Amino acid sequence: MAKVQVTQIKSAIKRPQDQQLTVKALGLGKINRTIEVEYTPQIAGMIKKISHLVTIKEL
């Protein structure tokens, strides 16, 4: 599988709870925090749910 780099660019404050929990589950939580994960269907769904809060870069 391909790896992707996910960076949080907006705050999760005042967002629905499911979006806040998704941000936490990905290991984000602070603006400009970056993680590197395998691009699986589960991760793709999580990223799609919070796409307005993050940027994605393929590696």
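The values are calculated or read from the model by the stated rules, or taken from the named source; none is laboratory data. Since the structure is predicted, the reported quantities are computational estimates derived from the model, not experimental observations. Reconstructed Cβ throughout: ideal geometry from the backbone, glycine too, with neighbour counts over all protein chains shown. The area values use the complete protein model at the heavy-atom level, side chains included, leaving out ligands, DNA and RNA. Shrake-Rupley method; radii C 1.70, N 1.55, O 1.52, S 1.80 Å.
Please check which bits of region 37-59 a label hung off ALA25 would reach, taking the label as a point 7 Å along Cα-to-C-beta and the cut-off as backbone N under 15 Å.
Inside the label zone: 40-51.
Could you give the length gained on full extension between ASP18 and THR40, defined as 0.36 nm per residue of separation minus the Cα-Cα distance, in nm? Can you show the working numbers first?
Details: separation 22, 0.36 × 22 = 7.92 nm, distance 1.96 nm.
Extra length available between ASP18 and THR40 comes to 6.0 nm.
Can you work out the accessible area per residue across the chain, with the rest of the protein chains kept in place, probe 1.4 Å, in square angstrom? Don't jump to the answer; show the numbers that get you there.
Details: 4040 Å² over 59 residues.
Each residue of the chain exposes 68 Å² on average to a 1.4 Å probe.
Of the heavy-atom accessible surface of the chain (probe 1.4 angstrom), what whole percent is carbon and sulfur? All intermediate terms of the calculation are to be shown ahead of the outcome.
Numbers: 2170 of 4040 Å².
C and S fraction of accessible area: 54 percent.
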